[in-house]
4 protein chains.
Amino acid sequence: MTKAIQIGLIGAGRIGRVHTETVANCIPDANILAVADVLEKAAKKCAADFRIPSFYKDHRQILENSEIEAVLICSSTDTHAQFIEEAAEAGKHIFCEKPIDHDLQKIDHALEAVEKAGVKLQIGFNRRFDPSFKRVRDAVSAGEIGTPHLVRITSRDPEPPPLDYIKISGGIFLDMTIHDFDMARYLIGSEVDEVYATGGVMVDPAIGEAGDIDTAVIVLRYANGAIGVIDNSRKAIYGYDQRVEVFGSGGGIVVSNQTPDLAVLSDADGVHASKPLHFFIERYTESYVAELQEFIDSVREDKTPSVTGLDGRIPVVMGLAAWKSYRENRPVKLNEITSN
Amino acid sequence: MTKAIQIGLIGAGRIGRVHTETVANCIPDANILAVADVLEKAAKKCAADFRIPSFYKDHRQILENSEIEAVLICSSTDTHAQFIEEAAEAGKHIFCEKPIDHDLQKIDHALEAVEKAGVKLQIGFNRRFDPSFKRVRDAVSAGEIGTPHLVRITSRDPEPPPLDYIKISGGIFLDMTIHDFDMARYLIGSEVDEVYATGGVMVDPAIGEAGDIDTAVIVLRYANGAIGVIDNSRKAIYGYDQRVEVFGSGGGIVVSNQTPDLAVLSDADGVHASKPLHFFIERYTESYVAELQEFIDSVREDKTPSVTGLDGRIPVVMGLAAWKSYRENRPVKLNEITSN
Amino acid sequence: MTKAIQIGLIGAGRIGRVHTETVANCIPDANILAVADVLEKAAKKCAADFRIPSFYKDHRQILENSEIEAVLICSSTDTHAQFIEEAAEAGKHIFCEKPIDHDLQKIDHALEAVEKAGVKLQIGFNRRFDPSFKRVRDAVSAGEIGTPHLVRITSRDPEPPPLDYIKISGGIFLDMTIHDFDMARYLIGSEVDEVYATGGVMVDPAIGEAGDIDTAVIVLRYANGAIGVIDNSRKAIYGYDQRVEVFGSGGGIVVSNQTPDLAVLSDADGVHASKPLHFFIERYTESYVAELQEFIDSVREDKTPSVTGLDGRIPVVMGLAAWKSYRENRPVKLNEITSN
Amino acid sequence: MTKAIQIGLIGAGRIGRVHTETVANCIPDANILAVADVLEKAAKKCAADFRIPSFYKDHRQILENSEIEAVLICSSTDTHAQFIEEAAEAGKHIFCEKPIDHDLQKIDHALEAVEKAGVKLQIGFNRRFDPSFKRVRDAVSAGEIGTPHLVRITSRDPEPPPLDYIKISGGIFLDMTIHDFDMARYLIGSEVDEVYATGGVMVDPAIGEAGDIDTAVIVLRYANGAIGVIDNSRKAIYGYDQRVEVFGSGGGIVVSNQTPDLAVLSDADGVHASKPLHFFIERYTESYVAELQEFIDSVREDKTPSVTGLDGRIPVVMGLAAWKSYRENRPVKLNEITSN
């Protein structure tokens, strides 16, 4: 067995714990050596639950630990850019949750620090590692559907996040659609140069009062002429709805939802199947393993991760453009969004 | 058996013959007594093939026949408005293929003539009569999916129409999307007040040279706040792709494609099923019967058809708005489109 | 248009009326000239409803009509063999509903009469003409699944027939499984040489009191080594359940049920689709057209129908063997069943 | 965190390693303390790969270790009964792979030893723990399909096992169908009292030369009157085919195959999806976790596992009855199979 890559976890909230469990159970050649969280209690509990040797309140204690080769940044979004910079300066390889930041200048500073330090940076767009979406990407790359003409992405959550989160999340286009913006780029390997966004408050008026919308449709124009359509809802009563479709000159490929079982019941009322898996933890289990395995492999084998810092930056630009489009009710070019 | 309603057919082209066959085989209480076509040969052949007693070159011979209670107008689009007016003046009930015209003034004149004469007018939006789409409409009406938030309509043809047709058809939004505009109104029973259309030439450059596009996405904003998305392609290599989805506060309902058989083959390469039914003749057989049966019932029972002249007019407005939106690359309000 | 084949209908009950409607609407080159039924009222009503020129109480008036080239025998099963003989002697081509008879001697006499007269005889195993089952047969013939190893046929009715019918029908293996026996032979083009049947009364004790069973499983051993399994129920609460599967060295092919619409609803309780089409009239519409078209083509083009007298005889042997197997609870060879 | 249950693994072959990995990654409250295998090299490698502290050639060293509370018996079938006895006498709780033995007397001795010692015994019928099959069982128990009338189980492997295995495995009914016999009992919670088995050599003549068959159909008669049908093949070219269906007075429930992804591609040739997951390791991952978790919970909470020694014995009786039925080509009552 090869020597395990030693990892420091920064941020012991929900997604931090998901990654910790994944490393513990499914990544044999990595090991979490220390965890830090501004809520020291959270760090302590995470350490206890997953037998992590050390825990800290201050993430800098992780950065100072010379045994640690890589960090997982799972803290709140407003700290990502700063922690990336600090980790890069400390020579640590970095896996950072999305989004890097909502401010392009901060993103750019962080990416410069990464480049200067020559460390790896992988952004947590986990859905790219889902077997079904990867199958679509591979089919498109292999020309199985010819030249892509249309991309459709449906992304609906089973329930809205807490209002406190919505107030600081950057809103639907930056906290939710951002995954779909990444998916839109990933699936056909082409850049978007214009977005048109529309939407409204249909699920809960309190979301509107918090300055956000809860239902949206975004049209994308790709540089290569293809068109994309994303639809989002903060609440699908039947569960997490995650479908994609790419249509092209040679055919089309569609991904439907995953269910907890494959039983179908027929009775006097009709034919009944189970609802989709409830939410991202259930739906994307495999993708969380695969993205961390790729990160560890990148560190071990000194290769660039497939989800780069630029891949983290562009969906933020798309999210900002979507907000501008929504507010001005007109198509907005991505190059209207600049970092100053 | 009740006495059959006597019908005159105006226009013996493809759709005229479809309706004739439908009346002959599936509408026991109607009978086609005469057929007219400017191509007398077409009228003659149609009469011979379906044992229709009389055929004419001039449609006025049909309008003068006092035995005839109703006409099916299946001639070229540029003649619809005029023939509606003439038929109304002759006191005939009218079934007219879509669209009524591309010119709103002409449409308005025709509808005024119909109103003045007090005859029935039904427009040939046959897809409303498809059992699957009707099921969606009924589910929405019955509140099975709660308040509608999103409507998605995919409508892709297996192959483009002839270029000669494209040159006079009014283009994709008036000859193809027009069905989807009607479907968008039908499914949720609410009016659209803004459209945003984008698209391009991806299938065949000759379509672009003919002044049309072949691939399009149209976003609809309904008066009640809901959002609609239509996507169109002139060419889906796997056949006629006709799907709809309505998503709401209480759930979602989706219609998938119909196939010629239900056999699924598994072999060393994968799991394989048949392509969708090839085109509208195969896919919408049942709906052609049901729409004509409703028309005949309307005449016999003196009731208003469910697809009225206004239902024929509004999708034309939507099509004109879509073209304006496409050309100006901005959302366009339907009330920007006026008849003068 | 070619001259229509003139047909006489013998038996104006349910299936007789189905065929009459099919000929009237869907077989342009055939025409029903006369109808006979021992219940003269039924013959009269059928004539009136479908505009048939003549009706009789006595089927011999049909056989004496020299304009009539072919007869459809849709009378009660106990008359089939006799009417086949008489029709053959009168030189009429014959389409006869299944089963020919429950008595092999009578069947043999009838088939001899047909052979002697040189007329066409087609037996009404309509399911062979269903597009999905035909697709399976074609896939098997074309070697798409390699050498067949297993055949599975599920055939469940939505509700039991009237008890009066059950008492004279020959029981489940002769009135219901007989279609599946034919399907078993059709799908893989090989003969069965042994059957093992088991079953019971699970749906309604009155069926047991009438001397029949209502639930059955029949295992078939084909001469070529393949195995077949049929399962039957007189009552599937969710509707007509008609599925087949053939599995072989190169793959498998499965046919699922047909539904009245393709809408799928997702709500808080799950994912819901429509039940299968209710019963044979709804499910096998297309096959009724195709079988009669083949019969008419056989007459017109002087070729042997694909469902011969022998195809009518063998499933009766299988049904008798199934009853023997059920009663003796052991596998029974078909050659244990002889006509004397 | 509760104190982990300490486990000894006996047998470090394929299934032993599967369970080891499962315990290591997915059962937080259990720990494998030692591994034994007659092939000491296999024990050593397993210990190294999964960081197990001790490894032995002789399983008695595990039984003598007082820290060990429970053993997983994953050695060859001919050793199961003996190891169960020894482990019971040593006071260890036992999880044993199926089948216990092919000899009913040996099974009975082993079960007596277990009973005498008062230790837990769970048999490795993992498929009961699959979410889809559990859903069927729950639906049946809850009366969602009324009274069960028919059970259908399809179980086809992607490829035959090695011939060396076939020679000692007890043949298809004892090494493969045994899972389906268990499933048949599990799904409807009723005992079988008669079996009829037929089959042949269709996949590979070498299997026949080894004294086995490779294709089989088994009909079960339940004590409560219901009927079951199992079909088996040693080779389904499209992958592992694992489907079940239960049909009853109130409806039916069907489980279809699980696939590695949910993408469906439509092209000019048809509509294509992925093949089922390749084999049991891929298909039943979740069930391996759930069965071991139940075993550990049974030990910790001192409760009887849901898959008992009797549940291990009965399918062996069914397998022996199936062989007798196959050889004598007649239905065989289970009470014809006795332990002496």
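So, how do all the Cα-to-Cα distances of chain D break down into 10 Å bins, in percent, from 0 on up?
In order of increasing distance, the bins hold 6, 24, 33, 26, 10, 2, 0 percent.
Summarise the long-distance tail of P(r) for region B:13-64 by giving the % of C-alpha pairs beyond 18 Å.
Tail of the P(r) past 18 Å holds 23 percent of the pairs.
When the Karplus curve 6.51 cos²θ - 1.76 cosθ + 1.60 is applied with θ = phi - 60°, which whole-Hz ³J(HN,Hα) does each residue of region A:54-61 get, with x for Gly and Pro?
10, 9, 9, 7, 9, 4, 5, 5
Calculate, in whole percent, how much of the Cα-Cα pair population of the protein assembly as shown lies beyond 56 Å.
31
Round to a whole angstrom and tell me the spacing of the C-alpha centers of region A:126-172 and region B:148-190.
Rounded to whole Å, the Cα centres lie 27 Å apart.
Compute, for region C:37-82, the length of the dipole vector about the Cα centre, with Cβ point charges of +1 (Lys, Arg) and -1 (Asp, Glu) only. Units Debye, rounded to 20.
So the dipole magnitude of region C:37-82 works out to roughly 220 debye.
Could you tell me which residue out of C:I178, C:G143, C:Q122 lies farthest along the dipole of region C:121-188 toward its positive end? Charges go on the beta carbon: Lys and Arg +1, Asp and Glu -1, centred on the Cα centre.
C:G143
Assuming a ≥ b ≥ c are the square roots of the Cα gyration tensor eigenvalues, decide whether region A:143-209 counts as rounded (a/c under 1.5), prolate (otherwise, with a/b larger than b/c) or oblate.
Prolate shape, in that a/c is at least 1.5 and a/b is the bigger ratio.
Using 18 Å as the cut-off for backbone N distance, which residues of region C:15-50 belong to the label zone defined by a point 7 Å from the Cα of C:E89 along Cα→Cβ?
No residue passes the distance filter.
Carbon-plus-sulfur fraction of the accessible area of chain B, 1.4 Å probe, in percent?
C and S atoms contribute 50 percent here.
Holding the Cα-Cα limit at 24 Å, pick out from A:K45/A:K106; A:K333/B:K324; D:K106/D:K167; D:K92/D:K324 the pairs that are longer than that.
With Cα atoms farther than 24 Å apart: A:K45/A:K106; D:K92/D:K324.
Accessible area lost on pairing C with D, both sides, 1.4 Å probe, Å² to nearest 100?
Adding both sides of the contact gives about 2900 Å².
What are the nm distances, shortest first, from B:E328 to its equivalents in the other copies, labels at 7 Å along Cα→Cβ?
1.6, 8.8, 8.9
Would you kindly work out, in nm and rounded to one decimal, the distances from the label point of B:S66 to those of the same position in each other copy, ordered shortest first, with label points 7 Å along Cα-to-Cβ?
Label point to label point, same position, other copies: 4.7, 11.3, 11.8 nm.
Mind checking which chain B residue has its Cβ closest to the axis relating B to D, and how many whole Å off it is?
Measuring from each Cβ to the axis, the minimum is at B:H272, 3.
Rounded to the nearest 0.05, what FRET efficiency do C:S249 and D:R14 have when you use their Cβ-Cβ distance and R0 = 30 Å?
Given R0 = 30 Å and the Cβ-Cβ separation, E is 0.65.
Over the heavy atoms of C:V203, what accessible area does a 1.4 Å probe trace out, to the nearest 10 Å²?
C:V203 exposes around 40 Å² with every protein chain in place.
Mind listing the Cα extents of region B:5-119 along all three principal axes, in Å, largest one first?
38, 24, 24
With θ taken as phi - 60° and the coefficients 6.51, -1.76 and 1.60, list the Karplus ³J(HN,Hα) couplings across region A:193-207 in order, rounded to whole Hz; mark glycine and proline as x.
My calculation for region A:193-207 gives 10, 8, 10, 10, 10, 9, x, x, 9, 10, 8, 7, x, 4, 5 Hz in order.
How much of the DSSP beta bridge set in region C:5-119 is antiparallel, as a percent to the nearest 5?
0
Which distance in nm do the two modelled labels at A:E112 and D:K3 give, with both placed 7 Å along the Cα-to-Cβ direction?
Label-label distance for A:E112 and D:K3, simple model: 5.9 nm.
Say a label goes 7 Å from Cα toward Cβ at C:E191 in every copy; what distances in nm does this one have to the rest, shortest first?
The projected label point of C:E191 is separated from its counterparts by 4.4, 7.4, 7.4 nm.
Let's test the formula: R0 of 56 Å, r as the Cβ-Cβ distance of B:E336 and B:D138. What FRET efficiency results, to the nearest 0.05?
0.95
Relative contact order, percent, of chain A when contacts are C-alpha pairs under 8 Å separated by at least 6 residues?
19
For peptide D:230-237, compute the average count of partner chain beta-carbon atoms within 10 Å of each residue's beta-carbon.
Mean inter-chain Cβ contacts per residue within 10 Å come to 5.
Whole number in Å², please: accessible area per residue of the protein assembly as shown, 1.4 Å probe, ligands, DNA and RNA not counted.
Each residue of the protein assembly as shown exposes 37 Å² on average to a 1.4 Å probe.
Note down the Stokes-Einstein diffusion coefficient of region C:37-80 in µm²/s, whole number, using a Kirkwood radius over alpha carbon pairs, 10 °C, and 1.306 mPa s.
After rounding, the answer is 142 µm²/s.
Can you give the charge dipole size of the protein assembly as shown about its Cα centre, rounded to the nearest 20 debye, using +1 on the beta carbon of Lys and Arg and -1 on the beta carbon of Asp and Glu?
Its charge dipole is roughly 0 debye.
What FRET efficiency comes out for D:E64 versus D:D29 if R0 is 30 angstrom and r is the Cβ-Cβ distance? Round to the nearest 0.05.
Calculated value: 0.80.
What list of ³J(HN,Hα) values in whole Hz, one per residue of region B:147-161 in order, does the Karplus curve 6.51 cos²θ - 1.76 cosθ + 1.60 (θ = phi - 60°) give from phi, with Gly and Pro shown as x?
The phi angles translate into 7, x, 10, 9, 10, 10, 10, 10, 9, 10, 8, x, 6, x, x Hz.
Placing +1 at every Lys and Arg Cβ and -1 at every Asp and Glu Cβ, with all other atoms neutral, what dipole size does region A:85-133 have around its Cα centre, in debye to the nearest 20?
Approximately 300 debye in magnitude.
For the residue pair A:Y165 and D:K45, what label-to-label distance in nm results when each label sits 7 Å from Cα along the Cα-to-beta-carbon direction?
Result: 4.6 nm between the two label points.
With the dipole of region A:182-320 worked out from charges on the C-beta (+1 for Lys and Arg, -1 for Asp and Glu) around the Cα centre, which of A:L292, A:S266, A:L320 lies farthest toward the positive end?
Towards the positive end, the residue furthest out is A:L320.
I'd like the mean, over residues of B:150-162, of how many other protein chain beta carbons sit within 10 Å of each residue's own Cβ.
The shielding value for this peptide is 2.
Any chance you could list the semi-axes, whole Å, largest first, of the equivalent ellipsoid that the Cα gyration tensor gives for region D:202-300, using √(5λ)?
So the equivalent ellipsoid measures 26, 24, 20 Å along its semi-axes.
Simple spin-label model, 7 Å along Cα-to-Cβ: D:D269 to B:A223 in nm?
Between D:D269 and B:A223, the label points sit 5.1 nm apart.
Taking the Cα centroid of region C:50-125 and of region C:272-332, what is the distance between the two, rounded to the nearest whole Å?
The two parts, judged by their Cα centres, are 17 Å apart.
The values are calculated or read from the model by the stated rules, or taken from the named source; none is laboratory data. Note that the structure is predicted; figures quoted are calculated from it, not measured. Quick reminder, even Gly has a Cβ in these numbers, built from the backbone with ideal geometry, and neighbours come from all protein chains shown. Quick note on the areas: whole protein, heavy atoms, side chains included, nothing else; ligands and nucleic acids left out. Shrake-Rupley method; radii C 1.70, N 1.55, O 1.52, S 1.80 Å.
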